[in-house]
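Beneath this line is the structure, given in structure tokens, with notes to follow.
The values are calculated or read from the model by the stated rules, or taken from the named source; none is laboratory data. Note that the structure is a prediction, hence the values are computed from the model and not measured. As a convention, Cβ positions derive from the backbone with ideal geometry for all residues, glycine included, and neighbour counts pool all protein chains shown.
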Amino acid sequence: MVELFFGYLAGAVVVLSLLVVFSRNAVHSVLWMLLMFLHMAGLYLLLNAEFLAATQVIVYAGAILVLFLFVIMLLNITEEMRLEQFTVGWPMGVSVSLGVLIAMLAALSGFRTDLKGPWSIEAVERTTHTKALGKVLYTEYMLPFEIASLVLLVAIVGAVYLAKKRLR
Amino acid sequence: MMKLFELLIQPGSFDILLDILVVVLKIAVVIAVVMLHVAYATYFERKVIGHMQVRMGPREVGPHGLLQPVADMLKLFFKEDIIPARADKPVFYLAPVISLMAALSSLAVIPFFDGFVIADINIGLLFILAVSSLGSYGIVLSGWASNSKYSFLGGLRSMAQVISYEVAMGLSLVGVMIMAGSLNLTEIVRAQASYPAGMFAVPQVLGFFVFIVAAIAETNRAPFDLPEAESELVAGYFVEYSGMRFALFYAAEYIGMIVMGALAVTCFLGGWTVPGFVTAVLPFLEHVPGVVWFIGKLYFIIFFYYWIRATLPRYRYDQLMNIGWKILIPLALVNILITGIAKVIL
């Protein structure tokens, strides 16, 4: 049963990602991406990570993608929709992504399922995923967590600087 | 396919089918009751606002106009469904459905009384935040797909408004999460009974205030109804919609109100429970079923929505943004700080 769900979700993510890239209308692209994010949330649910699934929907589908839509709607992109090709450097792009694909396939042979940590499925279900994630994030991985928040702070400072530059 | 069939004839699968049947029945009951409430919420709103403005409200259809919602529904059913030229048809069709779907699926995690909840999940509160953030897509897409300046402006306004107030609403609920120590709505209701006031609205008065204001803005109600400001945008994002599709948007708005009201009741007003000090004075109140308390509190919140709409004029757009970012979000952060310190000390 789990395999069935995983197969559906994984297949849908692949198909929807392709639709995002090949759709000629940018707003339709964003909508396919919205569906893809929802399917990714489904994948998290399959891994007993309900907190991650909810935050995936809140942050990516509810906030970031809405900002995408905002920008796309405000730009007048009817001209670009008639162009045959959006970018010129596609041979470079194809070779880089092929390289990444080969690297990923090569890394697949090192994939192991026999490693066991303290957080087994039963342990996560007992403490509930939200609590387990909070504990690990704020004790064991405190430093990476703080570094990530610092990176976001830098981005905010940059955005404020760019917005205020015009006013001076 | 064969494997699925084998799964179905296994001994335990009959119980699963029974569980699914129970869930489907629960969904049918909840949707039927909520849709009836939506129909009469429109009647109630017109009556309440009418009386507040010294008018009588609807009186023509049935005694005291009681059949007015039925007449409205019939009229909307038989209206012609007009689609503007050069509209993006698939998105135009989809937008009201997204709105309604987002509003309805929030109902799945709300505990109406002890033990009655369609899906008792650990992250109920986050689920509602996630689904209600999806609801803004319906509004934005309807604004874009209609290919009309009025609806486009309405859509853009709504998007900015929902993003801004979602932050304040999420933060205002953090205090509740800290006090209850859970994201499960049933557990949040149970946790409130152990506090002396019997509801989080008393210790979380700041959070409650921020939540109520943000909930009004999230549901695009007056005085934050800029996305559908009649005097400047005709009707905002759904100006091009007619007939049944317009009715879907209308229903989604009222279901959104009911969901936000129900969330306020479960998180701040003690859900289906009665505060302990009330039953100490009037012990016979313990025999009143929980669903009556829940619905009574919900009606009060919805009446409060109407009251505000009849009292306050619409805000200007910059005032709306100032209230959201400069008042509500700092207030919610202060509330989290106070709650956190209190939780550590006590």
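Residues that are under 20 Å from the mean Cα position of the chain (by Cα): find the helices (runs of 4 or more DSSP H) completely inside segment B:264-346 holding 3 or more of those.
B:290-311
Would you please name the residue that is farthest from A:THR55 (Cα to Cα), looking only at residues in segment A:127-168 that are over 20 Å from the mean Cα position of the chain (by Cα) and of a type in the set (S, T, N, Q)?
Among those that are over 20 Å from the mean Cα position of the chain (by Cα) and of a type in the set (S, T, N, Q), it is A:THR139.
Looking at (1) over 26 Å from B:ALA108 (Cα atoms); (2) within 13 Å of chain A (Cβ to nearest Cβ), find the lone condition where B:MET159 falls short.
So B:MET159 meets the others, but not (1).
Return the pairs, sorted by first residue and then second, in which the second residue is assigned to a helix (DSSP H, G or I) and among the acidic types (Asp, Glu), the first residue lies in segment B:284-306 and is over 12 Å from B:VAL265 (Cα atoms), the beta carbons are less than 6 Å apart, and the residues are 6+ apart or on different chains.
Going by the 6 Å Cβ cut-off, the qualifying pairs are B:TYR306/B:GLU45.
B:PHE152 - would you say it is farther than 24 Å from A:PHE37 by Cα, surrounded by 20 or more Cβ atoms within 10 Å (Cβ to Cβ) and within 11 Å of chain A (Cβ to nearest Cβ)?
It is true that B:PHE152 is farther than 24 Å from A:PHE37 by Cα, surrounded by 20 or more Cβ atoms within 10 Å (Cβ to Cβ) and within 11 Å of chain A (Cβ to nearest Cβ).
When residues of segment B:131-149 are filtered for being more than 11 Å from every other protein chain (Cβ to nearest Cβ), hydroxyl-bearing (Ser, Thr, Tyr) and not in a loop (DSSP other than H, G, I, E, B), how many remain?
Total satisfying the criteria: 1.
Which condition does B:ILE128 not pass, out of (1) more than 8 Å from chain A (Cβ to nearest Cβ); (2) more than 18 Å from A:GLN56 (Cβ to Cβ), if it passes all the others?
Evaluating B:ILE128 over (1) more than 8 Å from chain A (Cβ to nearest Cβ); (2) more than 18 Å from A:GLN56 (Cβ to Cβ) leaves (2) as the failure.
All but one of (1) surrounded by fewer than 19 Cβ atoms within 10 Å (Cβ to Cβ); (2) within 14 Å of another protein chain (Cβ to nearest Cβ); (3) modelled with pLDDT under 90 hold for A:TYR8, so report the exception by its number.
(3)
Among (1) away from chain A (no Cβ under 12 Å); (2) in contact with a helix residue (DSSP H, G or I) (Cβ under 7 Å, 6 or more places away or on another chain); (3) among the hydroxyl-bearing types (Ser, Thr, Tyr); (4) farther than 17 Å from B:THR266 by Cα, which single condition is B:SER172 missing?
(4) is the only condition that B:SER172 fails.
Could you tell me whether A:VAL13 is farther than 23 Å from A:VAL124 by Cα and modelled with pLDDT of 85 or more?
yes
Tell me, yes or no, whether segment B:257-272 has at least one residue that is surrounded by fewer than 15 Cβ atoms within 10 Å (Cβ to Cβ) and not aromatic (Phe, Trp, Tyr).
no
Select from segment A:45-55 the residues that are within 12 Å of chain B (Cβ to nearest Cβ) and not in a loop (DSSP other than H, G, I, E, B) and write down the one among them that is surrounded by the most Cβ atoms within 10 Å (Cβ to Cβ).
A:ALA54
Counting just the residues of segment B:216-237 that are touching a Leu at 6+ places or on another chain (Cβ under 9 Å) and assigned to a helix (DSSP H, G or I), which one comes out surrounded by the fewest Cβ atoms within 10 Å (Cβ to Cβ)?
Out of the qualifying residues, it is B:GLU232.
If you go through segment A:83-96, how many residues are closer than 22 Å to A:ARG24 by Cα and at pLDDT 90 or above?
Residues meeting the conditions: 0.
Please go through segment B:167-183 and pick out each residue that is in contact with an Asp or Glu (Cβ under 7 Å, 6 or more places away or on another chain) and surrounded by fewer than 23 Cβ atoms within 10 Å (Cβ to Cβ).
If the condition is that a residue be in contact with an Asp or Glu (Cβ under 7 Å, 6 or more places away or on another chain) and surrounded by fewer than 23 Cβ atoms within 10 Å (Cβ to Cβ), then B:ALA180 is the only one that fits.
Could you check segment A:126-168 and list, in sequence order, the residues that are farther than 30 Å from B:GLY181 by Cα and assigned to a helix (DSSP H, G or I)?
Residues satisfying the conditions are A:VAL154, A:ALA155, A:ILE156, A:VAL157, A:GLY158, A:ALA159, A:VAL160, A:TYR161, A:LEU162, A:ALA163, A:LYS164, A:LYS165.
Being in contact (Cβ under 8 Å) with a residue 12 or more places away in the chain and within 14 Å of another protein chain (Cβ to nearest Cβ), is that true of even one residue in segment B:75-84?
No.
Give the number of residues within segment A:14-44 that are at the interface with chain B (Cβ under 10 Å from one of its Cβ atoms), within 15 Å of B:ALA145 (Cβ to Cβ) and not polar (S, T, N, Q).
Within segment A:14-44, residues that are at the interface with chain B (Cβ under 10 Å from one of its Cβ atoms), within 15 Å of B:ALA145 (Cβ to Cβ) and not polar (S, T, N, Q) number 5.
Could you list all residues from segment B:192-209 that are surrounded by fewer than 20 Cβ atoms within 10 Å (Cβ to Cβ), touching a helix residue (DSSP H, G or I) at 6+ places or on another chain (Cβ under 8 Å) and modelled with pLDDT of 85 or more?
B:LEU206, B:PHE209
Got a number for residues in segment A:104-125 being surrounded by 10 or more Cβ atoms within 10 Å (Cβ to Cβ) and assigned to a helix (DSSP H, G or I)?
Of the residues in that region, 3 qualify.
Looking at segment B:29-65, which of its residues are surrounded by 14 or more Cβ atoms within 10 Å (Cβ to Cβ), on the phi < 0 side of the Ramachandran plot and not in a helix (DSSP H, G or I)?
Within segment B:29-65, B:PRO58, B:ARG59, B:VAL61 qualify.
Among the β-branched types (Val, Ile, Thr) and surrounded by fewer than 24 Cβ atoms within 10 Å (Cβ to Cβ): which single residue out of B:VAL140, B:VAL117 fits that description?
B:VAL117
Quick check on my filter: what residues within segment B:209-249 are of a type in the set (S, T, N, Q) and within 28 Å of B:LEU269 (Cβ to Cβ)?
Of everything in segment B:209-249, those that are of a type in the set (S, T, N, Q) and within 28 Å of B:LEU269 (Cβ to Cβ) turn out to be B:THR219, B:ASN220.
If you check B:VAL117 against the conditions, is it under 21 Å from B:VAL176 (Cβ atoms) and away from every other protein chain (no Cβ under 11 Å)?
Considered against the rule, which asks whether it is under 21 Å from B:VAL176 (Cβ atoms) and away from every other protein chain (no Cβ under 11 Å), B:VAL117 comes out as yes.
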